[in-house]
Ligand code: ADE
């Protein structure tokens, strides 16, 4: 999979994409992540990418030209162009699965007070990572790249994400490792029993209990 990220702050991505699972996925050739500074595409003689809003109001607004030209230079027949914006569809694990099957994703990070409305016309999808406003789309892009990359075949074992919270309707079950007793807290006996059927049933019941307590809304979803 190839992911292009359009951002005015490419350096923000350095550490995040060069550690842990994303780093390994890149090294394995599972994902190719390319950060593009769309300021490089501006026709403005002073390298500007934003301007004041028509009709008045606070702050600066990203102009359409640099983003249009940048997307034009990157887009292929199989590309999916996604705008990151707090008024987009709220991002969910089901969307992460869908995106993990795409060949090419282009993520556009807005910044400053907003972007010219016409930028929406070149996007196939608009995503928000939650009901709060960030200073820009960069962190949202990181969240999406991380959650999609770990789903690519061969990045982590399939078993690891099949049981994830949100993969089905249930939150993940509790896990334990050594030592068997820590500060008086014991690992549940059933996990030491070696009885895989009983362990599976215990985990299912724990998932169900946690979901009922914390996120009963998940049980109603389609
Ligand atoms: N840009 C600013 N806030 C955002 C959010 N919540 N999700 C995606 N992009 C954003």
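A short reminder: the numbers here are calculations on the coordinates, not readings from a lab. Bear in mind the structure is a predicted one, so any value in this text is a computation, not a measurement. Reconstructed Cβ throughout: ideal geometry from the backbone, glycine too, with neighbour counts over all protein chains shown.
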Rounded to whole angstroms and listed largest first, the alpha-carbon spread of the range 37-121 along its three principal axes comes to 40, 27, 19
Could you sort the peptides 121-128, 78-85 by per-residue average Cβ neighbour count (10 Å cutoff), highest mean leading?
78-85, 121-128
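Stretch residue 76-residue 162 to full length: gain in nm at 0.36 nm per residue minus the Cα-Cα span? Intermediate results must be reported in sequence, preceding the final value.
On the way: separation 86, 0.36 × 86 = 30.96 nm, distance 3.13 nm.
Extra length from residue 76 to residue 162 when fully extended: 27.8 nm.
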In Å and from the alpha-carbon atoms only, list the Rg and Dmax of the range 111-222.
19.9, 61
By the gyration tensor of its Cα atoms, with a ≥ b ≥ c the square roots of the eigenvalues, what is the shape of the range 169-220: rounded for a/c under 1.5, prolate for a/b over b/c, or oblate?
oblate
Check: C-alpha center the range 150-174 vs C-alpha center the range 36-58, spacing in Å is 41
Here FRET efficiency (C-beta to C-beta, residue 40 to residue 193, R₀ 41 Å, nearest 0.05) is 0.10
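Rounded to the nearest 0.05, what FRET efficiency is calculated for residue 212 and residue 113 with R0 set to 45 Å and r the Cβ-Cβ distance?
The pair residue 212/residue 113 has a calculated efficiency of 0.60.
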Using alpha carbon centers only, the range 73-93 is separated from the range 189-222 by a whole-angstrom value of 34
Going by average Cβ density within 10 Å per residue, which order do the peptides 13-23, 145-155, 106-116 take, highest to lowest?
106-116, 145-155, 13-23
Given the C-alpha atoms of the range 2-157, compute the convex hull and give its volume per residue in Å³.
116
Helical contribution to [θ] at 222 nm, DSSP H n ≥ 4, -39,500 (n - 2.57), averaged over the chain, rounded to 500:
-8500 deg cm²/dmol
